[in-house]
Structure formats: C-alpha cells, structure tokens
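Data block below; observations after.
The values are calculated or read from the model by the stated rules, or taken from the named source; none is laboratory data. Everything numeric here is computed off the predicted structure, so don't read it as measured data. Because the Cβ atoms are built from the backbone with ideal geometry, glycine has one as well, and the counts that use them run over all protein chains shown. Surface accessibility is based on the protein's heavy atoms, side chains included, excluding ligands, DNA and RNA. Shrake-Rupley method; radii C 1.70, N 1.55, O 1.52, S 1.80 Å.
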Amino acid sequence: MVTQLAEIESPALIVDLDVMEANLAAMSALTRAHGIDLWPNMKGHKIPVLAWRQLRAGAAGITCQKLAEAEVMVDAGIADVLVAVQVIGASKVDRLLRLARRARLITVVDSLDGAQAISDAFARNGQVIEAFLEVDIGYHRCGVSGADAPGLARKLAQLPGLKLVGVMGYEGHLYDLKGKAAVRSAAQRCYDMLVGVSASVQGAGLEAVRVSVGASAGVDAAVEVKGITEVRAGSYLMNDRAQIAMGATDTSGCAATVLATVISVPEATRAVIDAGAKALTPTTIPGVAGYGAIAGHDDAVLERLSDEHGMIATTSANRFSVGDRVHVVPNSHTVVFNQFAEAYLVRKGMVEAILPVAARGMMQ
C-alpha cells in the first residue's frame with residue numbers, strides 16, 4: 001500500500017488536497033455570498049467521491065457533460081443532476097428516461113426536434129423532465145440564437161413531457177482570451193445577453209426563471225449580474241494552465257499535476273520525462289507555449305510530446321538530472337483526468353486516498 005508521495009511510481013495523477021480544499025471553499029463562499037446556486041461540472045475530475053465533497057460544501061446539484069457520466073454519478077447516490085448536453089437518439093432518450101426514475105434530472109435542448117423526442121418518451125411513461133433552453137452566447141457551439149429563443153421557448157412550453165425551467169449558455173470562447181480584464185469584459189457581455197434573453201422569454205408569459213452560466217473564469221463577473229441564478233463552474237476545483245492564462249488563478253492554485261520522472265538529459269537545456277501525450281494532453285492554449293508547466297521551474301516548459309515521452313526545454317543549463325521527479329501542471333486537467341484510472345490525493349507528502357476515476361471514458 002502506497003502511503004507517501006515518494007513511493008508513487010510515475011507517471012501518476014496527483015491531487016494536492018490542501019490546494020483543492022482551498023479552491024472548494026473559495027468557490028462555495030463566493031456563490032453562497034451572492035445567493036447563486038452552484039452546479040459544478042464533473043467533466044473535470046469525474047470522481048464521485050469529489051462530487052460528494054462539492055455537494056457537502058453547498059452545491060445545489062452537479063452537472064454532467066455526458067449521459068454516461070451522469071449514470072456513474074447517480075450510481076454513487078447523487079440525486080440532483082443536470083445533463084448539460086443535448087440527448088439525441090432513441091436509445092439515449094430511453095436511458096435518460098430510466099435515469100430520471102432514479103434521480104432528479106434536468107436536461108438541455110436547443111431544437112424542437114430534440115425536445116419533441118424527449119417529451120414524447122416521458123409523456124408516454126407519465127413522467128415530466130425539467131429542461132433548460134440552451135442559448136448561443138458567443139461560443140458558437142450549441143444553442144439557439146438569442147433572437148430565436150423566445151419563439152422556441154413558447155413551443156417547448158407546450159410539450160407535455162417537458163417542463164421548461166430557464167435558459168443556459170456556455171461561454172467557452174473565454175478560453176481564447178488572455179488575462180483577467182479581457183475575460184471579465186467578454187463574460188459580462190455574455191451574461192448581459194443571456195439575462196436579456198431570459199427577460200424576453202419571461203415576457204412571453206413563461207415561468208422559466210432560471211439562468212445558468214458555465215465557465216469558472218467568469219464566475220467573478222457572473223455573481224454580480226442580476227438575473228443569473230446559477231453557475232456550472234467545474235475547473236475551479238483543480239485549475240490548470242488554461243485557467244492561469246485567463247487570470248483565474250496562478251500556479252499555487254493548481255491542485256492537479258502529473259508526477260513524472262526525468263529519464264534522460266540528452267542536452268544541457270533539454271530533459272525527457274516519462275509522461276507523454278497518453279498521460280497529458282496535446283491541447284494548446286492561445287499565446288502560451290508548450291503543453292505544460294514544470295512546477296518550481298519557471299524557466300522550463302514542456303515543449304513537445306510523443307506518446308510516452310515529454311520533452312522539457314529550459315534556458316538554464318544542467319537544471320535537470322536523470323532520476324529527478326517533477327510535477328507537470330497540464331494545459332487542461334479535464335483531459336488528464338480521463339487519461340488515468342486513479343488519482344492520488346496527497347497532503348504534505350502523505351497519500352490520504354487513492355480514488356478511481358470512475359467516469360473515465362464515459363463519453364456516450
């Protein structure tokens with residue numbers, strides 16, 4: 001049984017409990033102080049035990065990005081789940097129906113066709129499911145336009161198996177920005193738009209008062225916008241280089257790292273570690289070099305990845321030696337958690353728990 005950080009073989013997924021708990025407390029306090037409900041997204045860590053910790057810290061429910069992920073969380077006893085993806089296809093609608101018998105589910109729709117299929121299935125079985133209407137607030141992924149939202153909302157309100165409870169949006173384009181000021185300004189525009197859409201929907205006589213937004217980096221702005229009722233932030237618990245680039249945190253706020261070992265130092269300014277693309281992620285960040293930062297080494301960056309190797313570039317000669325162990329702050333922790341079967345929860349060098357990443361690979 002591994003009891004100390006020094007005993008863990010690399011590569012391994014490490015969670016610093018002191019940092020994670022500070023992140024958890026800060027977000028819980030912020031949303032609670034502003035009367036905003038927190039529905040944290042599970043796609044980041046995918047671990048039911050951590051979901052329960054978020055709920056016990058005051059979250060109103062959880063958000064899952066995939067139906068299979070929601071099934072894992074409900075199996076763990078979690079009762080309030082938002083499935084924040086369009087559920088399309090007869091077999092998936094049937095799974096949604098069956099899961100709704102075991103938990104209080106909310107679904108997301110952005111088309112009459114998609115909503116109709118869900119409504120028909122639920123109505124046939126004497127059930128009703130709550131739903132958000134997703135609105136495109138600038139990311140240009142899913143979501144109906146703000147102009148079309150009131151008309152679609154009126155049609156959704158007529159469906160017998162569906163109860164429209166509000167509107168939601170995802171401000172994923174914030175990830176293309178750099179710095180807190182730029183992120184906050186763009187987030188403010190998104191949130192003002194969504195609140196305006198909500199007012200139009202309610203002005204059409206619909207009691208759909210909930211307004212849900214998503215990105216951790218935008219929460220500081222979201223809690224100050226009158227009309228937003230909830231946030232689905234997820235990255236705040238672990239953080240990563242993307243959150244650093246957006247000004248949401250710094251390296252000290254990054255709870256999740258990949259432990260790796262230096263296995264070769266071919267040149268004075270290059271070191272090779274035993275963690276590559278299969279342990280990390282080829283995700284890049286606009287304006288930020290490399291695929292990860294090396295904690296404690298400000299002049300080093302994970303410059304290249306192959307499947308099982310990572311190549312560190314450093315401006316300081318002889319900075320690394322064979323056998324050194326390093327912690328890599330990944331560009332995206334959400335991908336990294338999907339790479340590992342388990343996470344080591346560590347406090348001051350001691351392993352307090354080894355948790356299975358239970359929703360790993362749950363993409364359907």
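Within the stretch 55-66, residues that are more than 15 Å from Thr229 (Cα to Cα) sit with their Cβ atoms under 6 Å from residues that are part of a loop (DSSP other than H, G, I, E, B) and open to solvent by 40 Å² or more (accessible area, probe 1.4 Å), at 6+ positions apart or across chains, in these pairs: Gln65/Lys43; Lys66/Met362; Lys66/Met363.
For Ile88, are the conditions met, namely being on the phi < 0 side of the Ramachandran plot and open to solvent by less than 10 Å² (accessible area, probe 1.4 Å)? Spelling it out, it is not the case that Ile88 is on the phi < 0 side of the Ramachandran plot and open to solvent by less than 10 Å² (accessible area, probe 1.4 Å). If I filter the stretch 69-79 for residues that are more than 18 Å from Ser212 (Cα to Cα), in contact with a Lys or Arg (Cβ under 6 Å, 6 or more places away or on another chain) and not in a loop (DSSP other than H, G, I, E, B), do I get at least one hit? Taking every residue of the stretch 69-79 in turn, at least one turns out to be more than 18 Å from Ser212 (Cα to Cα), in contact with a Lys or Arg (Cβ under 6 Å, 6 or more places away or on another chain) and not in a loop (DSSP other than H, G, I, E, B).
Among residues belonging to the stretch 123-140 that are under 26 Å from Gly196 (Cα atoms) and out of contact with any helix residue (DSSP H, G or I) (no Cβ under 6 Å at 6 or more places or on another chain), point out the one that is surrounded by the fewest Cβ atoms within 10 Å (Cβ to Cβ). Checking each candidate, the answer is His140.
Looking only at residues of the stretch 266-278 that are farther than 11 Å from Pro11 by Cβ and open to solvent by less than 50 Å² (accessible area, probe 1.4 Å), we find that the one that is modelled with the lowest pLDDT is Ala268.
Mind telling me which of the residues Asp80, Asp37, Asp75 ends up being in contact with a Gly (Cβ under 6 Å, 6 or more places away or on another chain) and open to solvent by 20 Å² or more (accessible area, probe 1.4 Å)? Lay out the reasoning, then the answer.
Working: Asp37 fails: in contact with a Gly (Cβ under 6 Å, 6 or more places away or on another chain); Asp75 fails: in contact with a Gly (Cβ under 6 Å, 6 or more places away or on another chain).
Asp80 is the lone residue from the list that is in contact with a Gly (Cβ under 6 Å, 6 or more places away or on another chain) and open to solvent by 20 Å² or more (accessible area, probe 1.4 Å).
Within the stretch 4-51, the set of residues being touching a Cys at 6+ places or on another chain (Cβ under 6 Å) and of a type in the set (Val, Ile, Thr) is empty.
Here is a yes/no grid of residues against (1) without any contact (Cβ under 8 Å) to a residue 40 or more places away in the chain; (2) in contact with a Phe, Trp or Tyr (Cβ under 7 Å, 6 or more places away or on another chain):
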position: Gln86; (1), (2): no, no
position: Leu97; (1), (2): yes, yes
position: Ile106; (1), (2): no, yes
position: Gly179; (1), (2): no, no
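Quick check, is Val49 in a helix (DSSP H, G or I), closer than 20 Å to Val357 by Cβ, open to solvent by 10 Å² or more (accessible area, probe 1.4 Å) and in contact with a Ser or Thr (Cβ under 8 Å, 6 or more places away or on another chain)? The answer is no for Val49. Number of residues in the stretch 176-186 that are closer than 14 Å to Val213 by Cα and exposed (fewer than 14 other Cβ atoms within 10 Å of the Cβ) equals 0. For the stretch 229-252, a residue qualifies if it is within 21 Å of Ala153 (Cβ to Cβ) and either in a helix (DSSP H, G or I) or open to solvent by 10 Å² or more (accessible area, probe 1.4 Å) (or both), and the qualifying residues are Thr229, Arg232. Evaluated against (1) closer than 30 Å to Ala29 by Cβ; (2) modelled with pLDDT of 95 or more; (3) out of contact with any helix residue (DSSP H, G or I) (no Cβ under 6 Å at 6 or more places or on another chain), Gly214 falls short on exactly one condition, (2). Counting only residues that are farther than 14 Å from Leu164 by Cα and open to solvent by less than 50 Å² (accessible area, probe 1.4 Å), the stretch 93-116 holds 7 of them. Would the stretch 151-169 turn up any residue that is small (Gly, Ala, Ser), within 19 Å of the chain's Cα centre (by Cα) and at pLDDT 95 or above? Looking for residues that are small (Gly, Ala, Ser), within 19 Å of the chain's Cα centre (by Cα) and at pLDDT 95 or above, one finds at least one in the stretch 151-169, hence yes. Residues that are more than 17 Å from Gly138 (Cβ to Cβ), outside any helix (DSSP H, G or I), open to solvent by less than 60 Å² (accessible area, probe 1.4 Å) and touching a Ser or Thr at 6+ places or on another chain (Cβ under 8 Å) are absent from the stretch 187-207.
Taking (1) within 20 Å of Ala233 (Cβ to Cβ); (2) open to solvent by 10 Å² or more (accessible area, probe 1.4 Å) in turn, Asp120 satisfies each apart from (1). Scanning the stretch 1-22 for residues that are under 16 Å from Ala295 (Cβ atoms), out of contact with any Ser or Thr (no Cβ under 7 Å at 6 or more places or on another chain) and not hydrophobic (A, V, I, L, M, F, W, C) yields a total of 3.
Take the residues of the stretch 283-329 that are of a type in the set (A, V, I, L, M) and part of a loop (DSSP other than H, G, I, E, B): which is most open to solvent (accessible area, probe 1.4 Å)? Reasoning before the result, please.
Of all residues in the stretch 283-329, those of a type in the set (A, V, I, L, M) come to 285, 288-289, 293-295, 300-302, 305, 311-313, 317, 322, 326, 328-329.
Filter again for part of a loop (DSSP other than H, G, I, E, B), leaving 289, 295, 317, 322.
Working: Ala289: 67, Ala295: 42, Ala317: 63, Val322: 103 Å².
Selected residue: Val322.
Restrict the check to the stretch 43-54 and report whether at least one residue is in contact (Cβ under 8 Å) with a residue 60 or more places away in the chain and basic (Lys, Arg). Yes: one or more hits.
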